[in-house]
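This report concerns only the one structure given below.
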Amino acid sequence: MHPDTLAELTGRAARLVVEEGLDYGAAKRRALRDLGPFVGRGVALPSNETVEDEVREYLALFCADTQPAELRALRELAARWMARLAAFRPHLYGAAWRGTATRLSPVLIDLYCDDPKSAEIEFLNLGIAFDSHSEPGAGEDTVLSVLDRSPELGEVVSIHFIVHDHDVLRGALKPDSRGQTWRGNLAGLRQRLATDGNPS
């Protein structure tokens, strides 16, 4: 692929992440479809880290006055749920953890359970209304989706709890190619909330 085409693909994916709340995989596939004939077959898509760099640039250029407060609101909402579900070793994942979330971003929380069914049973016991489904590409992992209102944003936020077997937790904590974590526990999230002016 020509470098200019790769840059255009990366830029389109980043805009879709910010403007439509897509995850990186979906944004890259959509950008690839949008470019259509300008991209050859068998093209190598940009890495998530490359798209994330472009997302950060886009946010700094177009959303600097709104995004930090929106990110904080989502992180605070995540922290409340993680404290509520502490028994399932919750780890915040995705844009809210990495610091690129906006009000359009869903909150993604991984749960690590000795018995995968136990999380769903706990949701029922707590009277939490949820939708249960399997995530495409996530193997047999179950996703429990809830809607909760963020007082800070004044709107309802989608929260997706991805239920994993406890044994996969160690592998899930491996850093990206730059040494940054893809997810973090409640203590790590509270540390980020307490760090003023740090978007990461």
Query raised in the report: Using unit Cβ charges (K, R positive; D, E negative) and no other charged atoms, how large, in debye to the nearest 20, is the dipole of the chain about its Cα centre?
Result: 260
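What percent do you get for the relative contact order of the chain when only Cα pairs under 8 Å and 6+ apart count? Provide the component values of the computation, followed by the final result.
Numbers: 289 pairs, mean separation 38.9, N = 200.
Across the chain, relative contact order equals 19 percent.
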Report task. Enumerate the calculated ³J(HN,Hα) couplings along region 148-154 in order (Karplus 6.51 cos²θ - 1.76 cosθ + 1.60, θ = phi - 60°), each rounded to whole Hz, writing x wherever the residue is Gly or Pro. Result -> 9, 7, 8, x, 5, 7, x
Query raised in the report: Relative to the longest principal Cα axis of the chain, at what angle does helix 3-20 sit, 0 to 90 degrees, rounded to 10?
Result: 40
Query - Ellipsoid equivalent to the chain - semi-axes via the Cα gyration tensor, in Å - result: 29, 20, 16
Query raised in the report: If one takes the longest principal axis of the Cα atoms in the chain, at what angle in degrees, from 0 to 90 and to the nearest 10, does the Cα axis of helix 116-125 lie?
Result: 60
Query raised in the report: Check Val157: other-chain or 5+ apart residues with amide H under 5 Å from its amide H, H built from backbone geometry?
Result: Asp148, Arg149, Ser150
Query raised in the report: In degrees from 0 to 90, rounded to the nearest 10, what is the angle of the helix 67-84 Cα long axis to the longest principal axis of the chain?
Result: 30
Report task. Tabulate in residue order the Karplus-calculated ³J(HN,Hα) for region 98-103, using 6.51 cos²θ - 1.76 cosθ + 1.60 with θ = phi - 60°, rounded to whole Hz; enter x for Gly and Pro. Result -> 6, x, 10, 6, 10, 4
Report task. Please name which of Ala44, Leu22, Val55 has its Cα lying farthest along the dipole of region 3-62 towards the positive end, using unit charges on Cβ (Lys, Arg +1; Asp, Glu -1) and the Cα centre as origin. Result -> Ala44
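With Cβ to Cβ distances under 13 Å as the rule, what net charge do the other residues near Leu59 carry (K, R +1; D, E -1)? Can you show the working numbers first?
Values: positive: Arg15, Arg56, Arg98, Arg103; negative: Glu19, Glu52, Asp53, Glu54, Glu57, Asp65, Glu70.
Counting the neighbours of Leu59, the net charge comes to -3.
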Report summary line: In region 44-151, the GluC sites (Glu not before Pro) that sit in a DSSP loop and have at most 13 other Cβ atoms within 10 Å of their own Cβ are Glu140
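Since every read-out is calculated from the coordinates, none of them should be taken as a lab result. Predicted, not measured: the structure shown is a model, and the values here were computed from it. Note that each Cβ is placed from the backbone with ideal geometry, even for glycine, and that neighbours are counted across all protein chains shown.
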